[in-house]
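Structure record follows, encoded as structure tokens.
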Amino acid sequence: MARGWESKSVEEQQAAASTQVESKQRLTPEEAAWKQEREAIELSRRHVLQQLQVVQSPRHRQMLEIALSDLDERLARLG
């Protein structure tokens, strides 16, 4: 019996999900902590960049630029 495209899509999604789970299990605790910290810093950086696009106050802009610089330094130290 032929399978429809829906079942193939579900099968591909399940395969992709199992691959992602396997790759998460392969990380050491140190690697997982490093990855989590990096993702948190990148998220903060994106948030600061969004705020910089709409900020009106020069003082607030300066504060955001300092924060962005700090986040960039932290990312550089993480490697």
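Contact map, region 52-79: first residue in contact (Cβ under 8 Å) with a residue 24 or more places away in the chain and under 19 Å from residue 36 (Cβ atoms), second residue part of a helix (DSSP H, G or I) and of a type in the set (Asp, Glu), Cβ cut-off under 6 Å, separation 6 or more or different chains; the map is empty.
Restricting region 28-54 to residues that are of a type in the set (A, V, I, L, M) and in contact with a Leu (Cβ under 6 Å, 6 or more places away or on another chain), which is surrounded by the fewest Cβ atoms within 10 Å (Cβ to Cβ)? Among them, the one singled out is 52.
Just one of the listed residues (74, 59) is modelled with pLDDT of 95 or more, charged (D, E, K, R), more than 16 Å from the chain's Cα centre (by Cα) and part of a helix (DSSP H, G or I), namely 59. Residues in region 1-54 that are more than 30 Å from residue 67 (Cβ to Cβ) and not in a helix (DSSP H, G or I) were compared, and the one that is modelled with the highest pLDDT is 28.
The values are calculated or read from the model by the stated rules, or taken from the named source; none is laboratory data. Given the structure is predicted, the values throughout are model-derived calculations rather than measurements. Backbone-built Cβ (ideal geometry, glycine too); neighbour counts: all protein chains shown.
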